[in-house]
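Visitor: One structure is given below, represented as structure tokens, and several questions about it will come after.
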Amino acid sequence: MPEVSPSVLIIRLDGIGDALALTPLLAALRRHMIPVDVVLRRSNAGVFAREALHRVITADFELRTSSSANVARIEELGRRLRANDYSHVLVATEDPSGYRLAGAVAAPARIGFINGWGKPFKSLWARSFLTAAIYRTAGLDPRAPHECAVLFKLGAPLLGDERPPKDASELRSLVLDTEPLPDERVAIQVTQKWERLGVPLQQVAELVRRVAACAPLRVLSARSEAPYAERVAAAAETPIDYFDGIAEWKAAIAAATALVAPDSGAMHVAGTVGTPVVAIFPPGPAFELQVARWAPWAARHRIVRAGEGWPMRAADALASLLSV
């Protein structure tokens with residue numbers, strides 16, 4: 001454990017679910033009263049409760065590009081953040097921009113991941129920005145660690161041999177600004193992530209109809225995904241509740257009796273705040289490893305493989321979950 005009062009900057013330039021995988025680490029740091037700032041993308045800057053962090057810094061640069069203009073923006077942000085005098089920078093992203101930013105902040109301890117021989121040239125490059133490196137596989141790890149547990153390793157110099165907390169009542173306060181009133185309805189997240197996972201729209205509509213037949217239902221969607229959601233609504237003959245902001249959407253998931261969703265940000269919100277969740281993962285040779293890495297962390301859940309007949313199996317899984 002450190003002998004001086006530390007302050008931490010965490011860099012996580014990924015999606016909502018990726019950011020939420022930091023929650024156990026944030027909870028442990030808060031137990032030790034270690035102030036934490038986090039650099040997030042604009043699209044997920046509201047994923048944590050306001051009191052969970054000292055500051056949220058929005059990344060004002062592009063990802064996965066090394067143009068001179070973009071590098072200059074990263075370095076300028078790093079110079080501004082250097083004034084905060086962080087003791088530790090934890091690079092919780094594999095995007096090159098995160099490593100550049102860590103180097104520009106120039107904290108005494110800069111800890112991040114490298115892939116070793118899986119990506120030897122990137123590992124050498126990334127290592128040049130770090131004072132300590134943690135190995136992680138370039139693809140899915142056959143040892144099947146959860147992403148929350150992997151990210152928690154970044155805090156080892158500050159937390160010793162502590163284990164990542166899984167108590168949803170503790171994690172919930174890091175995600176929600178206020179406690180929502182309970183909602184007896186089951187929520188289904190309608191998102192284009194279904195399409196990206198290879199799930200046909202008609203099967204999503206079948207899921208909606210099956211759940212509506214056995215439980216009060218609320219169908220959720222981001223306003224930005226309205227064109228896709230309207231097609232599902234027409235096929236399932238059900239209304240959609242649209243959300244323009246993250247806070248109201250998080251509250252709807254936290255209030256729900258249960259959630260049915262694909263492997264997505266909604267699933268990870270439920271898994272962090274403790275809402276029981278039926279999580280749909282795509283079939284494939286890496287199904288077990290994908291589930292092991294991204295399953296809901298702190299909530300009761302059932303996992304369904306999106307193969308033939310999955311809407312019926314998901315409805316059955318929901319009934320099983322609600323009967324406990």
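The values are calculated or read from the model by the stated rules, or taken from the named source; none is laboratory data. Remember, predicted model here, so these are calculated numbers, not experimental data. Every residue, glycine among them, receives a Cβ derived from its backbone with ideal geometry; neighbour counts consider all protein chains shown. Only protein heavy atoms, including side chains, enter the accessible area calculation; ligands, DNA and RNA are left aside. Shrake-Rupley method; radii C 1.70, N 1.55, O 1.52, S 1.80 Å.
Visitor: Name the residue farthest towards the positive end of the dipole of the chain from the options Ala106, Pro35, Ile246, assuming +1 on Cβ of Lys and Arg, -1 on Cβ of Asp and Glu, about the Cα centre.
Guide: Comparing the listed Cα positions along the dipole, Ala106 ranks first.
Visitor: What's the magnitude of the charge dipole for region 63-166 around its Cα centre, counting Lys and Arg as +1 and Asp and Glu as -1 at the beta-carbon? Answer in Debye, nearest 20.
Guide: 160
Visitor: Could you rank Met33, Met312, Met267 by how accessible they are, 1.4 Å probe, largest area first? Mind dumping the intermediate values first?
Guide: On the way: Met33 165, Met312 95, Met267 0 Å².
From most accessible down to least: Met33, Met312, Met267.
Visitor: Next question. Calculate how steeply helix 96-105 sits against the longest principal axis of the alpha-carbon atoms of the chain, using the helix alpha-carbon long axis, and give the answer as 0 to 90 degrees to the nearest 10.
Guide: 40
Visitor: Can you give the FRET efficiency to the nearest 0.05 for Asp316 and Arg231, using r as the Cβ-Cβ distance and R₀ = 30 Å? Could you put the intermediate results ahead of the total?
Guide: Values: r = 26 Å, r/R0 = 0.85.
It comes out at approximately 0.70.
Visitor: Calculated FRET efficiency, Ala106 and Asp244, Cβ-Cβ r, R0 30 Å, to nearest 0.05?
Guide: On the way: r = 38 Å, r/R0 = 1.28.
With R0 = 30 Å, the Cβ-Cβ based efficiency is 0.20.
Visitor: Let's test the formula: R0 of 22 Å, r as the Cβ-Cβ distance of Asp183 and Val324. What FRET efficiency results, to the nearest 0.05?
Guide: Values: r = 19 Å, r/R0 = 0.84.
Taking R0 as 22 Å, the efficiency between Asp183 and Val324 is 0.75.
Visitor: Sticking with this structure for a sec: Please arrange Asp14, Asp241, Asp167 by accessible surface area, largest first, computed with a 1.4 Å probe and ligands excluded.
Guide: Details: Asp14 25, Asp241 55, Asp167 80 Å².
Highest to lowest solvent-accessible surface, that is Asp167, Asp241, Asp14.
Visitor: Let me know the Kirkwood hydrodynamic radius for region 55-142, please, with Cα pairs as the basis and the value in Å to one decimal.
Guide: On the way: mean 1/r = 0.0746 Å⁻¹.
The Cα-based Kirkwood calculation yields 13.4 Å.
Visitor: Peptides 208-215, 117-124: what's the order by average Cβ count within 10 Å, highest mean first?
Guide: Numbers: 208-215: 17.4, 117-124: 12.4.
Most protected by this proxy first, the peptides run 208-215, 117-124.
Visitor: Right, next: Once the dipole of the chain is set up with Lys and Arg at +1 and Asp and Glu at -1 on Cβ about the Cα centre, which of Ser123, Ser169, Gln192 lies farthest towards its positive end?
Guide: So the residue we want is Ser123.
Visitor: Here's something else I'd like to know. What do you get for the angle between helix 226-236 and the principal long axis of the chain? Use alpha-carbon atoms, 0 to 90 degrees, nearest ten.
Guide: 30
Visitor: Averaging over every viewing direction, what projected area does the convex hull of the Cα atoms of region 167-222 cover, in nm²? Please list the in-between numbers first.
Guide: Values: hull surface 21.7 nm².
The number I arrive at for region 167-222 is 5.4 nm².
Visitor: Could you run the Debye sum over the Cα atoms of region 160-300, one equal point scatterer each and no solvent, and tell me log10 of I(q)/I(0) at q = 0.18, 0.20 Å⁻¹, two decimals?
Guide: Scattering profile of region 160-300, log10 relative to I(0): -1.04, -1.25.
Visitor: Do the sum for the chain: with -39,500 (n - 2.57) for every DSSP H run of n ≥ 4, divided by all residues, what is the mean residue ellipticity at 222 nm, to the nearest 500 deg cm²/dmol? It would help to have the intermediate numbers written out before the result.
Guide: Working: 15 runs with 129 residues, N = 324.
So the helix-based figure for the chain works out to -11000 deg cm²/dmol.
Visitor: If you don't mind, there's one more thing I want to ask. Under 20 Å from a label point 7 Å along Cα→Cβ of Gln202: give me every residue in region 300-324 with its amide N that close.
Guide: Residues 306-315 qualify, since their backbone N sits under 20 Å from the label point.
Visitor: Related question: Pop a pseudo-label 7 angstrom from the Cα along the beta-carbon direction at both Leu140 and Arg64 and give the gap in nm to one decimal.
Guide: Inter-label distance under the simple model: 2.0 nm.
Visitor: Around Glu225, what is the net charge, scoring Lys/Arg as +1 and Asp/Glu as -1 over all other residues with Cβ under 14 Å from its Cβ?
Guide: Values: positive: Lys193, Arg196, Arg223, Arg231; negative: Glu195, Glu230, Asp241, Asp244.
With Lys, Arg at +1 and Asp, Glu at -1, the neighbours total 0.
Visitor: Right, something else. What angle, in degrees between 0 and 90 and rounded to the nearest 10, separates the Cα long axis of helix 201-212 from the longest principal axis of the Cα atoms of the chain?
Guide: 70
Visitor: Pick the calculated volume of the Cα convex hull per residue in Å³ for this structure from (i) 225; (ii) 166; (iii) 134?
Guide: Here volume of the Cα convex hull per residue in Å³ agrees with entry (iii).
Visitor: Which value, in debye to the nearest 20, describes the size of the charge dipole of the chain about its Cα centre when Lys and Arg Cβ atoms bear +1, Asp and Glu Cβ atoms bear -1, and nothing else is charged?
Guide: 660
Visitor: So what J values fall out for region 252-267 if you push phi through Karplus, 6.51 cos²θ - 1.76 cosθ + 1.60 with θ = phi - 60°, rounded to Hz, Gly and Pro as x?
Guide: Going residue by residue, I get 5, 5, 5, 7, 5, 5, 6, 10, 10, 7, x, 4, 7, x, 4, 4 Hz, with x marking Gly and Pro.
Visitor: Among Val278, Val260, Val199, determine the one that fluctuates most according to a GNM of the chain built with springs between C-alpha atoms less than 10 Å apart.
Guide: Val199
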